[in-house]
Amino acid sequence: MAKPPTASDTGVAARRSAIYLLDQILGQGRLLPELVGAGALDRLPPDDRARAQRLALDSLRGLERADRLLHKHLRKPPALTVRNALRLGTVELCQGGAAHGVVNALVEVVGADRRNAKLKGLVNAVLRKIAADGPDAWAALRLPRLPKWLRVPLVEAWGSATVAAIEAAHFAGAPLDLTARTDPQAVATAVNGIVLPTGSVRVADAGQVTTLAGYAQGDWWVQDTAAALAVRILSPQAGETVLDMCAAPGGKTMQIAASGAQVTAVDDSAARMARVQDNLDRTGLKADLVVADGMTHGGLYDAILLDAPCSATGTIRRHPDLPFAKDGSEFGALIDLQSRMIDHMWTLLKPGGRMVFCTCSLLPDEGEVQIEEALARHSDMQVDRAALDIDGVDPGWITSEGGLRLRPDYWAAQGGMDGFYMARLRKMGG
């Protein structure tokens, strides 16, 4: 495996780091956020950190195409690190990268790796061939597809045409979405972004997040526009007691806190909750953070947001590492946990209170079906369809049982959105 770099130099350090990330994701089944959180890029300056992540993400999105192009130039696959260097170079070259800079940098990276230095000539030869004929061949290849373990159930749920549109959104990648603490238009102006119909701020080609205007002042936080809708549907009010269950990384916690509500945020990961506290400190917002298993949490609340653990299949446009690090084997356990969490959270909701259940999943079993089954279990539960009547929500996104189904192919011309399901439930009585 390639090792994380200890120094930065033009083009080389970022590419070396990107190859390390690919080695870990494709060789060890690790997720990119886990790697970044563990410090894989900490030794790089901000610009190189952003570049390394972008190169790794682009390589994962284009992996199927890259492997098809490389196949005819390789008699057998080389060691994973070298193969990932070739993949990264192929994607860069086919997306318009300058051949001289790309090839030389990757030859240098491989040449400096003692285990694989003897293959730097192969890297040079193959990438020069790719530079000559790859871009035209790249454009003629099909859009990369989801792995069968995920594509099959999604086609069953939404049809092949919709899944193809979702895959196109995944391949296009994701712009940066921000939630403003107070003034979306002021944030959009400061970061050269636009305000979306639902109130989020969208930034194209953002670069390193921490260098954007307003970051240090806590004027905003990173949050996909789809994720931000869950709190807008919950509509927390000043003075209310609100539970944010499974709160990390904290975007929804900050939204609730910004409303003036008294928010208790619960998550079972101390490390992830430390990040929530950092973001609260940066934005000047307050919340009561509790590190605990949510199934043991007690109390009574006016409103509850349950962002339940799920397959995260709705976030692939932003996290293309996910299909390579998972295989779907956890679906059954997650679906069971979601049901049990709905039932437990319901006992913590005051009569007359409201709860939003949401998952960043494209699978109906983690969304629509959960609500249908919860309604059958709880005679005092009602779906609050009127809560979905908010700015920017297309009525066509509302499902038959009264929830909101969001998909990556929605707003495709504007950069799409994460896949989510959410529904607001009201507890009768009180």
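Identify the residues of segment 173-187 with backbone N under 18 Å of a label point that sits 7 angstrom from the Cα of Ala413 along the Cα-to-Cβ direction, or state none.
175
Provide Thr253, Thr313, Thr210 in ascending order of the number of other Cβ atoms located within 10 Å of each residue's Cβ, fewest first.
Lowest count first: Thr210, Thr313, Thr253.
Looking at the chain, identify the longest residue range that excludes and avoids all trypsin sites (Lys or Arg not before Pro) in DSSP loops having at most 14 other Cβ atoms within 10 Å. Please report the intermediate quantities before stating the final value.
On the way: sites that count: Lys72, Arg75, Arg114, Arg115, Arg142, Lys286.
With a cap of 14 other Cβ atoms within 10 Å, the longest stretch comes to 287-430.
Output the antiparallel fraction of DSSP beta bridges having both residues in segment 224-427, as a percent to the nearest 5.
Of the beta bridges lying entirely in segment 224-427, close to 40 percent run antiparallel.
Which of Leu348, Leu88, Leu178 moves the most in a Gaussian network model of the chain with Cα springs under 10 Å?
Looking only at Leu348, Leu88, Leu178, the largest GNM fluctuation is found for Leu348.
My understanding is that a pair violates if its Cα-Cα distance is over 30 Å; which of Lys76/Lys148; Lys252/Lys326; Lys118/Lys148; Lys72/Lys118 do that in this structure?
Lys118/Lys148
Taking the alpha-carbon centroid of each part, what is the distance from segment 339-377 to segment 172-236 in angstrom?
28
Taking the Cβ-Cβ separation of Ala125 and Asp183 as r and a Förster radius of 60 Å, what is the calculated FRET efficiency to the nearest 0.05?
Efficiency, from the Cβ-Cβ distance: 0.65.
Could you work out, for segment 12-140, what percent of all Cα-Cα pairs fall into each 5 Å distance bin, beginning at 0 Å and stopping at the bin that holds the largest distance?
The distribution over segment 12-140 is 2, 12, 23, 25, 21, 12, 5, 1, given as percents.
Just need the Rg to Rh number for the chain, please, alpha carbons only, Kirkwood Rh. If you can, show how the numbers build up before the last one.
Values: Rg = 22.7 Å, Rh = 22.8 Å.
My calculation puts Rg/Rh at 0.99.
With 10 Å bins from zero, work out the P(r) of segment 79-200 over every alpha carbon pair and list the percent per bin.
For segment 79-200, the pair-distance distribution reads 11, 25, 22, 26, 14, 1.
Among residues other than Lys72 whose Cβ falls under 12 Å from its Cβ, what is the net charge (Lys/Arg +1, Asp/Glu -1)?
+1
Once the other residues with Cβ under 9 Å from the Cβ of Gly250 are scored (Lys, Arg +1; Asp, Glu -1), what is the net sum?
Once all neighbours under 9 Å are counted, the net charge is 0.
Arrange His319, His100, His170, His344 by Cβ neighbour counts within 10 Å, fewest through most, would you? If you can, show how the numbers build up before the last one.
On the way: His319 21, His100 9, His170 26, His344 16.
Ordered by Cβ neighbours within 10 Å, fewest first: His100, His344, His319, His170.
As a test, work out the antiparallel percent of DSSP beta bridges whose residues both lie in the chain, rounded to the nearest 5.
The antiparallel fraction comes to roughly 50 percent.
For the chain, what does the relative contact order come out to in percent, with C-alpha contacts under 8 Å and a separation of six or more?
On the way: 793 pairs, mean separation 59.5, N = 430.
Once divided by the residue count of the chain, the mean separation gives 14 percent.
Below 15 Å, Cα to Cα, which aspartates and glutamates can Lys427 reach? Residues fewer than 8 away in the same chain don't count.
By straight Cα distance, Lys427 reaches Asp302, Asp343, Asp380, Asp384.
Under a plain spin-label model, where a point goes 7 Å from the Cα along Cα-to-Cβ, how far apart in nm are Val369 and Ala204?
Here the answer is 3.9 nm between the modelled labels.
Which of the aspartates and glutamates could a cross-linker span from Lys120 if the Cα-Cα distance has to be under 13 Å and same-chain partners fewer than 8 positions apart are dropped?
Partners found: Glu108.
Bear in mind that the values in this text are calculations on the coordinates, not laboratory data. Please read these numbers as outputs of a predicted model, since none were measured by experiment. Because the Cβ atoms are built from the backbone with ideal geometry, glycine has one as well, and the counts that use them run over all protein chains shown.
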